[in-house]
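Undergrad: Below are the structure tokens for one structure; questions will follow.
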Protein chains: 2
Amino acid sequence: MILHGYYRSTAAWRVRIALNLKGLKAEHRFHHLRRGEHQAADYTRLNPQGLLPALELDEAGAVLTQSLAICEYLDETQPDPPLLPREPLARARVRAFAQAIACDIHPVQNLKVLNRLGALGLDGDARNGWARDVIADGLAACEILVASGNGAFCFGEGPGLADLCLVPQLYNAKRFGVDLSAMPRLQLVEAACAELPAFQAAAPERQADAE
Amino acid sequence: MILHGYYRSTAAWRVRIALNLKGLKAEHRFHHLRRGEHQAADYTRLNPQGLLPALELDEAGAVLTQSLAICEYLDETQPDPPLLPREPLARARVRAFAQAIACDIHPVQNLKVLNRLGALGLDGDARNGWARDVIADGLAACEILVASGNGAFCFGEGPGLADLCLVPQLYNAKRFGVDLSAMPRLQLVEAACAELPAFQAAAPERQADAE
């Protein structure tokens, strides 16, 4: 398998964690987001969206896109250890948390959107303020979604789809100066994940393209 | 079941289609987005994100949020007719298409983001241009993702998760004046969906709160 990513792409980071949790190896190819390498023709041929990540399977011609779809594929084809619980209601809660990040936070604060804001004349402070507000609002809701849990991770005693979305989003939160003091449960989960080699090896600073 | 929605919320609309395809009945409660009713305390108690939709199950206290998580729950608990194919690679492709809309188009062009742009001083023309550009870019990629298919729907001969995301997004595309002429396959799928009672009954103009 070949994972197309970028060290600071939080969507690619989710898939790195998933692969590590499953014990799966992939070759990593990096595309520099700020230099626009993800918009080059040889990459958009693989992923028409021109977004990271994409996962090329060993099966000829099969390319998966969208981080959550990739994670679900990995979970269906390599079920152990699971990224989702078994029971439908529990699965729905984990997926909703993951989507609260992957739909409603990250795409509204990513580089693509910040570049659009810049093109409309917003300066760096305004763009950073935008990202900070979007992340702060979204994570405040995420804190409530897991507040009643008492496992070490978002939903229980093992890491899964929710946690692999949370950790990269918290990294972005800190980059943009979000105040996390009212989110103690998210911080506890982050600390639990930081103990795990699967999360450690997926961190941006551990990638070959880190700057 | 009680579905909390709004006639023009495209995320709630997805779930209406899914319920109809499955032949499931729900009571509908409407929350007026432009009047901010989704931010009222009695709703955010159900959905801390303050977003539509939410699905209250008959099981006491169980509330599902996030349209795609709700659709997957419905598919797992009521598998016939299926919203997703059976084979993991095919499932991943359908999910990726759905997420290309539900992660990368809709949350970047919805009312919440347009309101944020307004608060930064962007006028109506600039806000509408933003929505138009985001939708046009996203749907152009979606067209490529399904261009090689030759079934009546996005992925094959039956409607599913991809189609129930596409139809509401095309409605938004038209609202914002996106040129769809280079997306013939998406338009053919829309026409096929428009023939189906499950899609017809879910349309905004058929909802009790339509204006």
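The values are calculated or read from the model by the stated rules, or taken from the named source; none is laboratory data. Fair warning: this is a prediction, and the values are worked out from it, not measured in the lab. Every residue, glycine among them, receives a Cβ derived from its backbone with ideal geometry; neighbour counts consider all protein chains shown.
Undergrad: Does B:Tyr7 satisfy the criteria of being part of a loop (DSSP other than H, G, I, E, B) and surrounded by fewer than 22 Cβ atoms within 10 Å (Cβ to Cβ)? Steps first, please.
TA: Values: part of a loop (DSSP other than H, G, I, E, B): yes; surrounded by fewer than 22 Cβ atoms within 10 Å (Cβ to Cβ): yes.
Spelling it out, B:Tyr7 is indeed part of a loop (DSSP other than H, G, I, E, B) and surrounded by fewer than 22 Cβ atoms within 10 Å (Cβ to Cβ).
Undergrad: Being under 26 Å from A:Leu170 (Cβ atoms), out of contact with any Ser or Thr (no Cβ under 6 Å at 6 or more places or on another chain) and in a loop (DSSP other than H, G, I, E, B) narrows it down to one residue among A:Leu19, A:Leu24; which is it?
TA: Details: A:Leu19 fails: in a loop (DSSP other than H, G, I, E, B).
Just a single option satisfies the conditions, and that option is A:Leu24.
Undergrad: For B:Thr77, are the conditions met, namely being surrounded by fewer than 16 Cβ atoms within 10 Å (Cβ to Cβ) and closer than 30 Å to A:Val63 by Cα?
TA: Numbers: surrounded by fewer than 16 Cβ atoms within 10 Å (Cβ to Cβ): yes; closer than 30 Å to A:Val63 by Cα: yes.
It is true that B:Thr77 is surrounded by fewer than 16 Cβ atoms within 10 Å (Cβ to Cβ) and closer than 30 Å to A:Val63 by Cα.
Undergrad: Regarding region A:113-134, can at least one residue be identified that is surrounded by 17 or more Cβ atoms within 10 Å (Cβ to Cβ) and within 14 Å of the chain's Cα centre (by Cα)?
TA: No.
Undergrad: Let me ask you something else. Kindly establish whether B:Asp104 is in the same structural domain as B:Leu166 (by TED's automatic domain parsing) and more than 22 Å from A:Leu64 (Cα to Cα).
TA: Working: in the same structural domain as B:Leu166 (by TED's automatic domain parsing): yes; more than 22 Å from A:Leu64 (Cα to Cα): no.
So B:Asp104 does not fit the description; no.
Undergrad: Is region A:63-71 home to any residue that is over 25 Å from B:Ala131 (Cα atoms), of a type in the set (Val, Ile, Thr), modelled with pLDDT of 95 or more and in a helix (DSSP H, G or I)?
TA: Yes, region A:63-71 contains at least one residue that is over 25 Å from B:Ala131 (Cα atoms), of a type in the set (Val, Ile, Thr), modelled with pLDDT of 95 or more and in a helix (DSSP H, G or I).
Undergrad: In addition: Every residue in region A:49-65 that is in contact (Cβ under 8 Å) with a residue 12 or more places away in the chain, facing chain B (nearest Cβ under 8 Å) and not aliphatic (A, V, I, L, M), please. Break it down stepwise before answering.
TA: First, the residues of region A:49-65 that are in contact (Cβ under 8 Å) with a residue 12 or more places away in the chain: A:49-58, A:63, A:65.
With the extra rule that they be facing chain B (nearest Cβ under 8 Å), the set shrinks to A:49-51, A:57, A:65.
The answer is A:Gln49, A:Gly50, A:Thr65.
Undergrad: Oh, and also: Look through region B:163-211, keep the residues that are touching a Cys at 6+ places or on another chain (Cβ under 8 Å) and among the β-branched types (Val, Ile, Thr), and return whichever of them is surrounded by the most Cβ atoms within 10 Å (Cβ to Cβ).
TA: B:Val189
Undergrad: Would you mind stating whether B:Asp209 is under 25 Å from B:Asp133 (Cβ atoms), part of a loop (DSSP other than H, G, I, E, B) and acidic (Asp, Glu)? Don't jump to the end; show me each part of the working.
TA: Details: under 25 Å from B:Asp133 (Cβ atoms): no; part of a loop (DSSP other than H, G, I, E, B): yes; acidic (Asp, Glu): yes.
When the stated conditions are applied, B:Asp209 does not pass them.
Undergrad: Find the helices (runs of 4 or more DSSP H) located wholly in region A:74-190 whose residues include 1 or more that are at the interface with chain B (Cβ under 9 Å from one of its Cβ atoms) and among the basic types (Lys, Arg), and list them. It would help to see each step written out before you state the result.
TA: Details: elements: A:88-102, A:106-109, A:111-119, A:124-146, A:161-175.
Once the helices (runs of 4 or more DSSP H) in region A:74-190 are filtered for at least 1 residues that are at the interface with chain B (Cβ under 9 Å from one of its Cβ atoms) and among the basic types (Lys, Arg), what remains is A:88-102, A:111-119.
Undergrad: Here is a follow-up. For region A:34-62, enumerate the residues that are in contact with a helix residue (DSSP H, G or I) (Cβ under 6 Å, 6 or more places away or on another chain) and outside any loop (DSSP other than H, G, I, E, B).
TA: Passing the criteria: only A:Leu55.
Undergrad: If you check A:Ala203, A:Ala102, which single one turns out to be of a type in the set (A, V, I, L, M, F, W, C), touching a Ser or Thr at 6+ places or on another chain (Cβ under 7 Å) and modelled with pLDDT of 95 or more?
TA: Working: A:Ala203 fails: touching a Ser or Thr at 6+ places or on another chain (Cβ under 7 Å).
Sole residue among the options that is of a type in the set (A, V, I, L, M, F, W, C), touching a Ser or Thr at 6+ places or on another chain (Cβ under 7 Å) and modelled with pLDDT of 95 or more: A:Ala102.
Undergrad: A further question follows. Could you tell me whether any residue of region A:14-23 is over 14 Å from the mean Cα position of the chain (by Cα) and within 14 Å of chain B (Cβ to nearest Cβ)?
TA: For region A:14-23, residues over 14 Å from the mean Cα position of the chain (by Cα) and within 14 Å of chain B (Cβ to nearest Cβ): present.
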